[in-house]
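**Q** Have a look at this one before I ask anything.
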Amino acid sequence: MLDDLTQLRKGVTEFCLLALLEREPGHGYELVARLARTRTLALSENTVYPALARLKTRGWARSRQEASASGPARKVLELTPAGLARLREWRAAWAKLANDVTDMTDGTVRNIHSEIHTGSREENNA
């Protein structure tokens, strides 16, 4: 089960980070902590920091220095307009994917299998 969940998380890491940055800018450690509050999206710093670097390289996030009351200035990441556009695209794709996966895994697949063998699916699409 753990390996399956790890593989699923890899596919949504950047998507989830963009969503977190849309809600509120944050520094890397803070984003790791926000992900850790969920049951299934807790990711290590070794996963999150490279993903954040990819977001910056792609122009979907940018960093700025912010003063810290407890030490040196911290690098805070925020969403860029391009990142917001990408997040919207991902949300639309996710909605379609989630719907299809739910349909596929809740028993609907049996109906599709039956339709393929009886030819009724082709008739419905004609």
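What follows draws every value from the coordinates through simple rules; no lab data is involved. If you're wondering where the values come from, they're calculated on a predicted model, not measured in any experiment. Cβ coordinates were reconstructed from backbone atoms using ideal geometry, including for glycine residues, and neighbour counts include every protein chain displayed.
**Q** What are the residues whose amide H is under 5 Å from the amide H of Ala61, where those residues sit 5 or more places off or on another chain and H is modelled from the backbone?
**A** So Ala61 has HN proximity to Lys56, Thr80.
**Q** With θ taken as phi - 60° and the coefficients 6.51, -1.76 and 1.60, list the Karplus ³J(HN,Hα) couplings across the stretch 82-87 in order, rounded to whole Hz; mark glycine and proline as x.
**A** Along the stretch 82-87, the couplings run 5, x, 5, 4, 5, 4 Hz.
**Q** Here's something else I'd like to know. Pull up all non-local amide H partners of Gly26: gap of 5 or more, or a different chain, and H-to-H distance under 5 Å with H placed in the peptide plane.
**A** Answer set, sorted by chain and number: Leu77.
**Q** Which lysines have a Cα lying under 25 Å from the Cα of Lys96, excluding residues fewer than 8 positions away in the same chain?
**A** Lys10
**Q** A follow-up question, please. Once you place label points 7 Å from the Cα toward the Cβ at Glu30 and Arg58, how far apart are they in nm?
**A** If labels sit at Glu30 and Arg58, their model points lie 2.2 nm apart.
**Q** While we're looking at this one, here's another question. With θ set to phi - 60°, apply the Karplus curve 6.51 cos²θ - 1.76 cosθ + 1.60 along the stretch 7-20 and write out the HN-Hα couplings as whole Hz, x wherever there is a Gly or Pro.
**A** Karplus-based 3J(HN,Hα) across the stretch 7-20 equals 5, 5, 4, 4, x, 10, 4, 5, 4, 5, 5, 4, 5, 5 Hz.
**Q** Explain nothing, just compute: Karplus ³J(HN,Hα) = 6.51 cos²θ - 1.76 cosθ + 1.60, θ = phi - 60°, for every residue of the stretch 39-52 in order, whole Hz, x for Gly and Pro.
**A** 6, 10, 10, 5, 10, 6, 4, 5, 9, 6, 4, x, 5, 5
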